[in-house]
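Worksheet: the structure to be examined is printed underneath.
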Amino acid sequence: MDPTVIKTTPFAGQRPGTSGLRKKVRVFAQPHYLENFVQSIFDTQPELAGGTLVVGGDGRYYNREAIQIILRMAAANGVARVLVGQGGILSTPAVSCLIRKYHTQGGIVLSASHNPGGPDEDFGIKFNGATGGPASESVTEAMYERTQTIDRYLTLDCPDTDLDQLGTVQIGAMEVQVIDPVADYAALMESLFDFAAIKALFNSGGFRLGFDAMHAVTGPYAMEILENRLGAPPGTVMNGVPLPDFGGHHPDPNLAHAQELVALCQGAAGLDFGAASDGDGDRNMILGKDFFVTPSDSLAVLAANAHLMPGYKDGIRGIARSMPTSQAADRVAEAMGIECFETPTGWKFFGNLLDAGRITLCGEESFGTGSDHVREKDGLWAVLFWLNLLAVRKQSVAEIVGDHWRQFGRNYYTRHDYEAVDAQGAASLVHHLRMLFPELPGKRLGDYTVAYADDFEYTDPIDASVSSHQGLRIGLEGGARIVLRLSGTGTEGATLRVYIESYEPDPSKHQQDTQEALAPLIVIARELAQIEARTGRTEPTVIT
Ligand code: VG1
Ligand code: CO
């Protein structure tokens, strides 16, 4: 079967953001839009010709249609073999796992992660390379440049592939293997954690848990791992069937969007453990009875306890956190005498450190935690880590975190998001702050003195590549910080993220409400950045 060459012209704005290209479904579904981007992947990744590609997505609206387009184009571009998840389903960490396990040349993930799905909502596509990690900035930039000159793409004139039937089929000369999306990932989890100990915890009587898959991709994974393999009671996995519109909700595991689960963990009869994951399965939220684990704390707790897990029993080599993530992990690294890195937002910046063996664990404040087992953040991995920890330490979630604060001090932390604000207003806010920076150091802001103010720039310690303008940092004496940056995953206007942190070493002051503890800093941030004047907003859209 000969490839068909289709003439096309470039679309503006196909530059991938923090995690791939994200647009409204109606943008992606217009003729040639997805095709142009996919062809730009093939044109810039020549090793895919003759190689193997993993393809899957989070099951959102347009997932199946996109996979059919990609399969035809892959065959026309000379890909030898594609591994595709049954029903078009693969979580982001499962794609990373498959790329690494089967040594493929890369993978394509179809997801807009935590963004809502449906005909009027979001879709996304990202490319992961042979290491299993998200493409680096230089690779996504090359793809973007290709989209700006593209004049043709290749496809095959052939019928749709049956994605629901396990087994191997041919498209032209290309082999398509429809695989179980869960099996390889579940095996990897079983190799890292003490499943027998977790099973015993579930059987001990009195321990009650819930997992909210939010009608997104982790449903089948959580069902297999938590209920089938670990014996959690039927019904433990809530909203376990992936739906194209995620039941009309944001598949975003946080206090604002996972309220059903949050409510189940409250009060004397509350669950002992609650967890949720996002659209594509790479995020996690961890709850105890009447207790929310801040993602930044979660990274620090996991690092301090990693040696208790079979997969990390020899200890960890180093830790990395994204810049806006709280400095709680830094204190653990310091106590352990290991390296701690501060990287720009986005998982792609951890790849080089993981590949070089400089770090074992890494995380982001945005409900992302992971390790060197794959090259993506991994929601269920974090859930299993916590369950293994609860089984070994025989303490509650709140007790484990309380102990951690007593040992290392507490980093109070919150993020305030102002979503879909006017893009020009947001840009003017950033510009205004940058202008203020030279005069800030040494200045008093409320009860705080500014230690430094800068526009975060990162030089990769492995390949020396430089990434500039990665967020505005205002460091205050005593360890408090205010960070502001604009989101790179939104699809409407601009989203301003304000990250606020303070450090409290005194255990007698560890039981305050987070928003109250940070109230003076929240006011300083609002006033300094002129948030109301420049965005027209008096309150954030989401507080996490
Ligand atoms: C957000 C988070 C970031 C995360 C990214 C992708 O990016 O802040 O930490 O890596 O989403 O997560 P931004 O640019 O909107 O702040 V996901 O779960 O989309 O893969
Ligand atoms: Co995600």
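A short reminder: the numbers here are calculations on the coordinates, not readings from a lab. Treat the numbers as computed from the prediction; the structure is a model and nothing was measured. Cβ placement follows ideal geometry from the backbone for every residue including glycine, while neighbour counts extend to all protein chains displayed.
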Q | Two-decimal Rg/Rh across segment 4-181, once Rg and the Kirkwood Rh are taken from alpha-carbon atoms | A | 0.92
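Going down the list 199/377; 23/377; 126/289; 101/348, which pairs span over 27 Å between their C-alpha atoms?
Working: 199/377 24 Å; 23/377 22 Å; 126/289 37 Å; 101/348 19 Å.
Result: 126/289 exceed 27 Å.
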Q: Sort segment 422-479 into rounded, prolate or oblate with this rule: let a ≥ b ≥ c be the square roots of the eigenvalues of the Cα gyration tensor; rounded if a/c is under 1.5, and if a/c is not under 1.5, prolate when a/b is larger than b/c, oblate otherwise.
A: oblate
**Q.** Formal net charge of residues neighbouring residue 9 (Cβ-Cβ distance under 12 Å; K, R +1; D, E -1)
**A.** 0
Q) Going out from 0 in 10 Å bins, what whole percent of all Cα-Cα distances in the chain drops into each bin? A) 4, 18, 30, 27, 15, 5, 1, 0
Q.
Need the list of lysines near residue 313 for cross-linking: C-alpha distance under 19 angstrom, and skip anything on the same chain fewer than eight residues off.
A. 394
**Q.** Cα-Cα pairs of segment 410-543 separated by more than 27 Å (percent)
**A.** 22 percent
Q.
Tell me the relative contact order for the chain as a rounded percent, counting alpha carbon contacts under 8 Å between residues six or more apart.
A. 13 percent
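Which order do the peptides 174-182, 153-161, 407-415 take when ranked by the mean count of other beta-carbon atoms within 10 Å per residue, highest first? Present the calculation step by step, with values, prior to reporting the outcome.
Working: 174-182: 19.8, 153-161: 17.0, 407-415: 21.6.
Ranking the peptides 174-182, 153-161, 407-415 by packing returns 407-415, 174-182, 153-161.
Using the Cβ atoms and a cut-off under 10 Å, what net charge is assigned to the surroundings of residue 353, where Lys and Arg are +1 and Asp and Glu are -1?
Once positives and negatives cancel, what remains is -2.
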Q) Short version: what are the Cα gyration tensor semi-axes of segment 452-524, square root of 5 times each eigenvalue, largest first, in whole Å? A) 28, 18, 11
